[in-house]
Amino acid sequence: MPALDVFGLDGKTAIVTGGNRGIGRAISVALARSGARVVIVGRNADENARAVESASDAGLEIEAVQADITVRDQLESAIERAHAILGRIDILVNNAGACVHAPAFEVTDEDWNRVIDLNLNALWHCTRVVGEIMRDQGGGSIVNIGSISAMIVNRPQMQPAYNASKAAVHQLTKSLAAEWAPLGIRVNAVAPGYVRTEMAPVDRPEFRQHWIDDAPQQRAATPEEIAPSVVYLASDAASFATGTVLVVDGGYTLW
Ligand code: NDP
């Protein structure tokens with residue numbers, strides 16, 4: 001068997017939260033290119049439609065379900081709908097996330113809750129609902145998008161809610177990996193460094209020194225450089241990997 005076949009996702013199905021732009025969009029395209037049928041979940045119907053259309057132009061099978069995953073009944077009906085479209089759910093990529101830059105004394109309750117509700121609570125609820133489906137079908141692979149912010153404190157901008165949420169995501173990944181291993185469910189995370197997306201304004205001059213110049217590779221990633229690590233963890237190539245946090249940061253956390 002060719003060595004790369006074990007990375008293939010033919011016949012597999014996947015849900016990607018926040019799959020309509022940025023890292024999530026690159027992940028959904030990479031999963032589909034590897035053979036998976038993919039459903040993306042996002043709030044913005046126009047962006048969802050654009051992502052589906054450009055995937056279809058490229059001959060890829062991606063569908064979208066519109067939902068705000070911080071709203072419990074929207075989350076549950078989105079997963080029910082995705083399950084109905086796909087028939088089974090082999091892969092869940094918990095990618096949707098948000099960041100607020102503000103020093104601790106200026107973080108409002110609203111901002112704190114918005115970040116924790118999406119990055120941690122919505123991820124938890126998605127994982128539990130899909131985890132039950134995976135348990136009943138005999139297994140699956142969950143990939144959480146964490147961050148280097150779980151491991152270092154970013155500069156110069158302060159972002160305490162985001163950093164705390166991502167540290168929780170890394171530890172929840174390990175906790176569920178241990179608990180669900182007997183169910184055949186693997187749970188892993190990818191921790192990206194700075195990636196050029198709407199969330200990370202990597203070209204703004206005030207961020208250049210700490211985000212780019214001080215980093216070993218002296219550049220930000222493209223979303224397409226993060227996606228292959230997700231394909232790996234989702235695939236049978238990672239059959240013995242669970243509870244792993246795969247850091248993909250151009251060396252950022254080395255210094
Ligand atoms: P973007 O802001 O570009 O994209 C965020 C995605 O999440 C969009 O598709 C958005 O769609 C979706 N989303 C946001 N809120 C909700 C919601 N309530 N319900 C459903 N979907 C939602 O972010 P990135 O691509 O940069 O980030 C993706 C992930 O990668 C995040 O978890 C982020 O923390 C992580 N990350 C990013 C890094 C970076 O440098 N960019 C570095 C490290 C980690 P819509 O608005 O339509 O809902």
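The values are calculated or read from the model by the stated rules, or taken from the named source; none is laboratory data. Please read all numbers here as calculations on a predicted model, not as lab measurements. Counting neighbours? That spans all protein chains shown, and the Cβs are built from the backbone with ideal geometry, glycine included. Surface accessibility is based on the protein's heavy atoms, side chains included, excluding ligands, DNA and RNA. Shrake-Rupley method; radii C 1.70, N 1.55, O 1.52, S 1.80 Å.
Other residues with beta-carbon under 12 Å from the beta-carbon of Ile23 carry, at +1 per Lys or Arg and -1 per Asp or Glu, a net charge of 0. Put a dot 7 Å past the Cα of Gln171, heading toward its Cβ, do the same for Trp255, and the two dots end up 3.0 nm apart.
Each Cα pair under 8 Å and six or more residues apart adds its separation to the average, and for the chain the resulting relative contact order is 20 percent. A Cβ-based charge dipole, computed about the Cα centre of region 7-247 with Lys and Arg at +1 and Asp and Glu at -1, lands at about 460 debye.
At most 16 other Cβ atoms within 10 Å plus a DSSP loop assignment makes a site exposed; report the longest stretch of the chain without any exposed GluC sites (Glu not before Pro). Counting at most 16 other Cβ atoms within 10 Å as exposed, the longest clean stretch of the chain is 62-197.
The gain in end-to-end length when the Arg43 to Gln137 segment is fully stretched comes to 31.0 nm, 0.36 nm per residue minus the alpha carbon separation.
Cβ under 12 Å from Ala189's Cβ, Ala189 left aside: what net charge do those residues give with Lys, Arg +1 and Asp, Glu -1? Summing Lys/Arg as +1 and Asp/Glu as -1 gives +3.
To the nearest 10 square angstrom, what accessible area does Thr70 show with a 1.4 Å probe? Answer for Thr70: close to 60 Å² accessible. Per residue, the convex hull around the alpha carbon atoms of the chain comes to 130 Å³. With all pairs of separate Cα atoms included, region 44-179 yields a Kirkwood hydrodynamic radius of 16.4 Å.
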